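To start, the structure under review is shown below, and the notes come after it.
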Amino acid sequence: MRSRDKTIPPSDTPEHKVEVRRSQRRHRTVTAYWDEDTLVVLIPARMTRAEEKHWVAEMQRKLLRTGPRRAAPPKASDEALLARCAVLSAKYLDGKAIPASVRWVPPMRTRWASCTPVDATIRVSDRLRRVPAWVLDYVLVHELAHLKEPGHNAAFWELVRRYPKTERAIGYLEGLSSAAGWGIAAED
């Protein structure tokens, strides 16, 4: 069981919010990370308010010292997925594959993701929220390539293979699907 407490940010750092999450399963460790403009601090449920205050301040200090915040991981939201697609399109597809929307959808039965080139929309299965970022990147590049080449022809695969971890990601997805018994083809 986990509870969430919203904490008002200290007056010397008004540019971000702090969210404290207490967990019954967490016993000793304290962890923190950025979720867009919010500092999320994970603490044991048994901590006192004074200990919480100490650890929030400590984690703020550590994370602010490490430098600028990185963009939210694409797994965080539909907006983060769309932003990741823009980066991948610029890097691997000459910036010419721009979707109108990209969104997470409930687990698909036979696919990891799908693209509708007519309206430039991409849907990504929630099952991919737990894969490594480089695997998700492959799936996004695959769907972005469909905006340029709707079918799985040679020109399509030439675009997809610009992503250097294509073969490795296909293998990962095939293994995941096989192990889970989902029957999802990695190349579809």
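What's the number of the condition Ala155 fails, among (1) outside any helix (DSSP H, G or I); (2) at pLDDT 95 or above; (3) exposed (fewer than 13 other Cβ atoms within 10 Å of the Cβ)?
Condition (1) is where Ala155 drops out.
Among all residue pairs at least 6 apart or on different chains, which show Cβ distances below 7 Å where the first residue, located in the stretch 16-32, is open to solvent by 60 Å² or more (accessible area, probe 1.4 Å) and the second is in a loop (DSSP other than H, G, I, E, B) and among the hydrophobic types (A, V, I, L, M, F, W, C)?
Taking only residues 6 or more apart or on different chains, the pairs are Gln24/Met1; Gln24/Ala45.
Pairs please, first residue from the stretch 83-111 and closer than 14 Å to Lys148 by Cβ, second anywhere and modelled with pLDDT under 90 and open to solvent by less than 90 Å² (accessible area, probe 1.4 Å), Cβ atoms under 6 Å, 6+ apart in sequence or on different chains.
Ser89/Gly95
Restricting to the stretch 27-67, and then to whatever is within 29 Å of Asp78 (Cα to Cα) and in a loop (DSSP other than H, G, I, E, B), can you tell me which residue is modelled with the highest pLDDT?
Val30
So, Leu144, is that one within 27 Å of Thr38 (Cβ to Cβ) and aliphatic (A, V, I, L, M) or not? Full working, then the answer.
Numbers: within 27 Å of Thr38 (Cβ to Cβ): no; aliphatic (A, V, I, L, M): yes.
Judged against the criteria, Leu144 is not a match.
Looking only at the stretch 158-186, which residues are closer than 19 Å to Ser89 by Cα, under 22 Å from the mean Cα position of the chain (by Cα) and either of a type in the set (Gly, Ala, Ser) or open to solvent by 80 Å² or more (accessible area, probe 1.4 Å) (or both)?
Arg161, Arg162, Pro164, Glu167, Ala169, listed by residue number.
Taking only pairs six or more apart or across chains, which ones have beta-carbon atoms under 9 Å, a first residue in the stretch 163-188 that is of a type in the set (A, V, I, L, M) and in a helix (DSSP H, G or I), and a second residue that is open to solvent by less than 50 Å² (accessible area, probe 1.4 Å) and at pLDDT below 90?
Pairs found: Ala169/Ala186; Ile170/Ala186; Leu173/Ile184; Leu173/Ala186; Leu176/Ile184; Leu176/Ala186.
Identify the single condition in (1) out of contact with any helix residue (DSSP H, G or I) (no Cβ under 6 Å at 6 or more places or on another chain); (2) open to solvent by 40 Å² or more (accessible area, probe 1.4 Å) that Val131 does not satisfy, given that it satisfies every other one.
(2)
The values are calculated or read from the model by the stated rules, or taken from the named source; none is laboratory data. None of these values were measured; they are calculated from a predicted model. Reconstructed Cβ throughout: ideal geometry from the backbone, glycine too, with neighbour counts over all protein chains shown. Just the protein is used for accessible areas: all its heavy atoms, side chains included, with ligands, DNA and RNA removed. Shrake-Rupley method; radii C 1.70, N 1.55, O 1.52, S 1.80 Å.
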